[in-house]
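Novice: Before I ask anything, let me first share the structure, which is written out below as structure tokens.
Coordinate-derived values only; no laboratory data. For clarity, every value in this text was computed on a predicted model and none was experimentally measured. Glycine gets a Cβ as well: all are built from the backbone with ideal geometry, and neighbour counts include every protein chain shown.
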Amino acid sequence: MQHKLAVQLYTLREECSKDFPGTLKALKEMGWAGVQLAGYHGYEPKELAELINSLGLQTAGMHVSYDRIINELEQVAEEALLFKTRDIICPSLPADLRNEEGYRKIRQQLNEAAAAVADRNLRISYHNHAFEFDTMIEATDALNYLLEPVPDNLIFAELDVYWIKKAGRDIESYIAPFENRMPIIHLKDMTDDEEQMFAPIGTGSIAFDPIIRWGEQHGIEWYVAEQDACQGSPMNCVQTSYTNLVQTIQTINSN
């Protein structure tokens, strides 16, 4: 399972902006198998793809703005092919679309985008926060509406376990319907206090063992660690997350 561990580079956005090659090299040396992109920090996609490949890393999907997916889809698809990833992920939504009319439009447009790139074996996914739970559509929350696991909905899930818990939902119950519809899951821990802040994996209140066990049975291809904000060095947080994920995997394999 360690070959499925990747880090979302938004966690290391400042490090990447200062020294992208050095940051990628450090992640490879740490043991990560892949990285998930969140911008190119001034690099051309071809140049960056060659760098990632030369280091022996893989690309565990690309976070691409909703605007680019809708308005620059052909270019985004070409970039995904350069990075040898199937996964184009919408990471958030403009505030003015966070309403029933907006979510209906988003579901239609992301489905159209998914259909347009399917012949190149590419997938469109959506990554959640907590705001999607504030809107109800057809007796369900907007996130479940967007990702409804039915044959004519082509949008894949990239669920973030921190935000599911932050919204007051049970993680294991919420992810259960998305078997074989979630190639990538975001792993993020939550401090075990009233603030419920971001924390390195394995140091907070979320149990990752059952999530990974579920993932191994239901089609998870990448476990992507992310920490939106870090107390202290982001690279140290990433190291802690990696160490604890490996330990969790070893425990699972030994049982």
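Novice: Of the residues D189, D228, only one is buried (at least 20 other Cβ atoms within 10 Å of the Cβ) and either closer than 30 Å to K25 by Cα or out of contact with any helix residue (DSSP H, G or I) (no Cβ under 6 Å at 6 or more places or on another chain) (or both); which?
Specialist: D189
Novice: Residue check: is T203 touching a residue at least 40 places away in the same chain (Cβ under 8 Å), surrounded by fewer than 19 Cβ atoms within 10 Å (Cβ to Cβ) and among the β-branched types (V, I, T)?
Specialist: When the stated conditions are applied, T203 passes them.
Novice: Inside the stretch 10-33, can you point out the residues that are in contact with a Ser or Thr (Cβ under 8 Å, 6 or more places away or on another chain) and surrounded by 22 or more Cβ atoms within 10 Å (Cβ to Cβ)?
Specialist: Across the stretch 10-33, the qualifying residues are L12, C16.
Novice: While we're looking at this one, here's another question. Please go through the stretch 23-58 and pick out each residue that is over 23 Å from V246 (Cβ atoms) and assigned to a helix (DSSP H, G or I).
Specialist: Listed by number, the residues that qualify are P45, K46, E47, L48, A49, E50, L51, N53, S54.
Novice: Which one is surrounded by the fewest Cβ atoms within 10 Å (Cβ to Cβ) among residues in the stretch 207-225 that are β-branched (V, I, T) and under 18 Å from Q36 (Cα atoms)?
Specialist: Step by step, filter the stretch 207-225, then rank; the result is I220.
Novice: Being farther than 26 Å from G202 by Cβ and in contact (Cβ under 8 Å) with a residue 24 or more places away in the chain narrows it down to one of D119, D96, D134, so name that one.
Specialist: Among D119, D96, D134, only D134 is farther than 26 Å from G202 by Cβ and in contact (Cβ under 8 Å) with a residue 24 or more places away in the chain.
Novice: Could you run through the stretch 115-128 and say how many residues are part of a helix (DSSP H, G or I) and surrounded by fewer than 20 Cβ atoms within 10 Å (Cβ to Cβ)?
Specialist: Result for the stretch 115-128: 5.
Novice: Select from the stretch 162-186 the residues that are more than 16 Å from F131 (Cβ to Cβ) and β-branched (V, I, T) and write down the one among them that is surrounded by the most Cβ atoms within 10 Å (Cβ to Cβ).
Specialist: My answer is I184.
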